[in-house]
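Input: a single structure, listed below in structure tokens.
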Amino acid sequence: MNMQAIMKQAQKLQTDMMKAKKEIDETVYEGSSSIVSVKMNGERKLLEVKIDADILEKEDIEMLEDMILVAINDVNKKIDKDTEIKLGKYTQGMPGLF
């Protein structure tokens, strides 16, 4: 393989990776716990928090805080999984690139 072909292949790989990263960044992910749901984009920007107020009582604030934490961690796991699926083929087991 000549150097031009290698460079062209590397540029295509970079373009494909950037396209996959953009797709992840623009995807809206949802995580939830029993009374809380959150939406976050692939850049981990929190877009929405919803609370099922019918279940909540005033004494349950600490539980609500825990449920929000669970929901946010849930959505972050989904973003990580999708990132690994879509970009893992480019990193070939090299963690921490994205």
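Among the conditions (1) in a helix (DSSP H, G or I); (2) open to solvent by 100 Å² or more (accessible area, probe 1.4 Å); (3) modelled with pLDDT under 90, residue 83 misses just one, which is (2). Examine region 25-37 for a residue that is assigned to a helix (DSSP H, G or I) and not basic (Lys, Arg), and state whether such a residue exists. Yes, region 25-37 contains a residue that is assigned to a helix (DSSP H, G or I) and not basic (Lys, Arg). Checking each residue in region 38-72 for being assigned to a strand (DSSP E or B), of a type in the set (Val, Ile, Thr) and either modelled with pLDDT of 90 or more or open to solvent by 60 Å² or more (accessible area, probe 1.4 Å) (or both) picks out 49, 51. I'd like to know if region 42-56 contains one or more residues that are among the acidic types (Asp, Glu) and touching a helix residue (DSSP H, G or I) at 6+ places or on another chain (Cβ under 6 Å). Among the residues of region 42-56, at least one is among the acidic types (Asp, Glu) and touching a helix residue (DSSP H, G or I) at 6+ places or on another chain (Cβ under 6 Å), which makes the answer yes.
List every residue pair whose Cβ atoms lie under 8 Å apart, where the two residues are 6 or more positions apart in sequence or sit on different chains, the first residue falls within region 2-17 and is touching a residue at least 24 places away in the same chain (Cβ under 8 Å) and under 29 Å from residue 82 (Cβ atoms), and the second residue, located anywhere, is β-branched (Val, Ile, Thr) and part of a helix (DSSP H, G or I). Final answer for the pair search is none.
Would you be able to say whether some residue in region 3-25 is surrounded by 10 or more Cβ atoms within 10 Å (Cβ to Cβ), polar (S, T, N, Q) and touching a Phe, Trp or Tyr at 6+ places or on another chain (Cβ under 8 Å)? Among the residues of region 3-25, not one is surrounded by 10 or more Cβ atoms within 10 Å (Cβ to Cβ), polar (S, T, N, Q) and touching a Phe, Trp or Tyr at 6+ places or on another chain (Cβ under 8 Å), which makes the answer no.
Of all residues in region 46-58, those that are without any contact (Cβ under 8 Å) to a residue 40 or more places away in the chain have Cβ atoms under 8 Å from Cβ atoms of residues that are in a loop (DSSP other than H, G, I, E, B) and surrounded by 12 or more Cβ atoms within 10 Å (Cβ to Cβ), 6 or more apart or on another chain, in 51/35; 52/35; 55/35; 56/35.
The values are calculated or read from the model by the stated rules, or taken from the named source; none is laboratory data. The model shown is predicted, which means the values in this text are computed figures rather than measured ones. A quick note on method: Cβ atoms are made from the backbone with ideal geometry, for glycine too, and the neighbour counts reach across all protein chains shown. The protein model used for the area step is the full one, side chains on, heavy atoms only, and it has no ligands, DNA or RNA in it. Shrake-Rupley method; radii C 1.70, N 1.55, O 1.52, S 1.80 Å.
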